[in-house]
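Peer 1: Got a structure for you, questions after.
Just so you know, all these numbers are worked out from the coordinates, no wet-lab data involved. Remember, it's a predicted structure, so these values are computed and weren't measured experimentally.
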Amino acid sequence: MLTAPQVPWINAIMARWVGSVRRELLDRILIMNERHLRKVLAEYEAYFNRHRPHRTRRQASPLRALPDPVDADIKVSRRDRLGGLLHEYAQIA
């Protein structure tokens, strides 16, 4: 996909995202056909934007704010996605 000359940094952003997809997903799963690929990529996109921690956002995800720290004992639940390839963690109240 071609990018506009006014935004040369978009290539670096997309290269980083494609690298994440390859390392975290495509190197670990066998894609059967285009439909399977689209389903897997949609699942990864939801995980990437809603649950995956990002270093530049102080471990928050892009579509969710970082929760306030809790001093009490907390319980954590884990939800597996894509057959256990991706994991989501959430606090239990």
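Peer 1: Residue by residue through segment 77-82, which ³J(HN,Hα) values in whole Hz follow from phi under the Karplus form 6.51 cos²θ - 1.76 cosθ + 1.60 (θ = phi - 60°), with glycine and proline marked x?
Peer 2: Result, ordered by residue: 10, 10, 10, 8, 10, 6 Hz.
Peer 1: Follow-up question, since we're still on this one. Between VAL18 and GLU43, what length comes free when the chain is fully extended (0.36 nm per residue of separation minus the Cα-Cα distance, one decimal in nm)?
Peer 2: Working it through step by step, the gained length comes to 7.5 nm.
Peer 1: Residue by residue, what Karplus-based ³J(HN,Hα) values in Hz, rounded to whole numbers, does segment 19-32 have, using 6.51, -1.76 and 1.60 with θ = phi - 60° and x for Gly and Pro?
Peer 2: Taking θ as phi minus 60°, the curve returns x, 5, 4, 5, 5, 8, 10, 5, 6, 10, 9, 9, 8, 8 Hz for segment 19-32.
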